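The values are calculated or read from the model by the stated rules, or taken from the named source; none is laboratory data. Predicted model only: the values in this text are computed from it and were never measured. Using ideal geometry, Cβ is built from the backbone for each residue, glycine included, and neighbour counts are taken over all protein chains shown. Areas reflect the complete protein model, heavy atoms only, side chains present, ligands, DNA and RNA absent. Shrake-Rupley method; radii C 1.70, N 1.55, O 1.52, S 1.80 Å.
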Amino acid sequence: QTARSVPLELSEVPCMSCPKVQMALLPPRWVNRLLLAFLFLLVAAQPAHPSPTACVGRGVIAQDVWTLAREVDKATQVTHVPKRYGQAIADSFFQLMQADALEDGIADCALGMATLIVHSLPEAEMQLGLTTAREYYVLFESLVQNYGHLWNDGGFTWGLESHQSAGYPLLLGLKPQSCFGMNLKVFVYETDLAKRVLSCSQGMFASEVFVHRWLMHSECRTEDPAEADFFFVPVYAACVMTKEGKLAGDMDAFYTNLVTEGLPHFRERGQDHIFLWSSETYDFPAWHKHIHSSIFLSVEAQPIECSDFDFFSEETAANFGAFCWHCPWCFSFGKDAVIPGFVEKWSIQKMHDVEKGLGYWSNRLYEVLFAGCIPVILSDEIGLPFDDFVDWTSFSLKWPMTEVTPALVQHLEDMLTHRWPEVERMHKNVVKNRCWFDYNSEDEACSPYLGIVKALQKRKAGRLRTPGLGWRHTRDAVAAVNG
């Protein structure tokens with residue numbers, strides 16, 4: 001059956017008017033793979049179709065399918081697409097698969113088909129597995145390679161990306177990663193809560209996915225536990241708690257069982273085991289009983305501890321102190337490392353000052369850097385990534401929260417008016433250093449992965465982390481402004 005009509009403005013449409021499909025009608029996995037192999041060879045072997053931008057409908061494909069693809073693609077270029085439309089576009093793609101209409105779709109609207117595919121990958125992973133999602137992505141890339149030059153033909157400008165697609169080559173293992181020439185070996189466990197790779201790869205907590213998948217495909221990885229320097233334990237805790245509704249008690253039971261039963265190489269209090277925390281809290285309430293000697297990669301240097309972890313949220317911030325507090329001893333600068341939060345490439349927006357949230361860290365800090373702005377950090381206890389070798393004082397300002405008065409405005413105006421060469425130097429250092437916080441960085445000499453490897457290499461050599469550089473010039477500025 002052809003797809004039903006979809007309106008042109010996504011914001012005005014209820015999901016019930018989007019194309020539907022019976023998921024039970026999907027062909028078996030092996031049929032999908034044979035079809036994908038055939039289509040990949042077809043796309044790669046043939047020259048571009050003389051009219052693959054008509055997008056008028058062909059065979060069983062209604063024009064409304066391409067209308068949906070265009071509207072979702074257009075919305076993706078400026079904003080988050082509501083989940084229901086992502087589901088609608090996935091339904092449309094699976095419907096074409098079930099109808100064996102991919103070849104017709106490519107001939108009629110090649111870039112519309114590419115758009116359907118790239119937006120369907122998280123759902124494809126959920127329904128058919130990561131291997132099939134990877135094969136779909138390879139087909140997407142082949143379509144872009146063969147037809148991408150037509151991106152502005154046919155009266156529409158195709159963006160050819162989703163909010164998450166910049167990270168797919170790394171996540172799907174299509175880009176082998178080096179170990180930066182370092183003699184470091186990491187054994188990566190498999191766990192039950194580290195399987196939703198694509199659907200968990202968005203939002204500020206996605207570092208838990210990207211670091212895991214980078215290690216999986218890097219030369220640092222070893223499959224021989226006997227030669228491992230460290231053991232990485234992947235858990236997409238923030239993702240499953242937000243998307244699957246798991247509570248603190250669920251996570252506590254999972255981690256306890258994992259550590260006591262599921263980590264066969266956990267010895268000597270787990271000193272060589274690595275756990276990653278991508279939010280303000282350690283999502284294992286009883287961590288201090290089981291893994292207090294393990295290495296923590298954390299976005300927060302003073303994580304939040306709560307007597308009732310399920311109480312903790314942005315909505316309960318007004319009563320934060322009733323059940324929760326910052327824990328200065330939970331993070332050890334001798335063994336642990338601060339890592340940056342995750343920022344999707346498409347979502348970067350310019351900002352000019354950075355206030356703390358409930359935690360001392362803020363993802364807005366990294367958004368500021370990626371936008372090319374000099375951050376003004378208003379968080380006294382913030383722990384900053386890689387500050388033992390990245391000179392934060394060269395590209396940021398840190399101002400005491402007790403002094404956030406007109407004096408701060410006066411200081412910034414003075415810099416802009418009388419110290420412009422210093423501002424220019426700081427801006428150049430922003431551009432130079434922001435790659436340390438970009439999980440999509442392909443710079444072999446500058447990425448969060450290199451920062452993590454450098455931190456682990458220090459621990460392997462038994463060297464303690466050196467203290468980060470301070471903001472003495474900012475303290476001097478406060479004193480000068482205050483007389």
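At full extension, residue 401 and residue 422 could sit 5.2 nm farther apart than now, given 0.36 nm per residue minus the alpha carbon distance. Residues 113, 241 ordered from highest to lowest accessible area at a 1.4 Å probe: 241, 113.
When the Cα positions of 106, 88, 63 are compared along the charge dipole of region 49-115, 88 comes out farthest toward the positive end, with charges on each C-beta of Lys, Arg, Asp and Glu.
Computed extension gain for residue 166 through residue 414, at 0.36 nm per residue and net of the alpha carbon distance, reaches 85.3 nm. Residue separation of residue 260 and residue 308 scaled by 0.36 nm, minus their Cα-Cα distance, works out to 14.9 nm of gained length.
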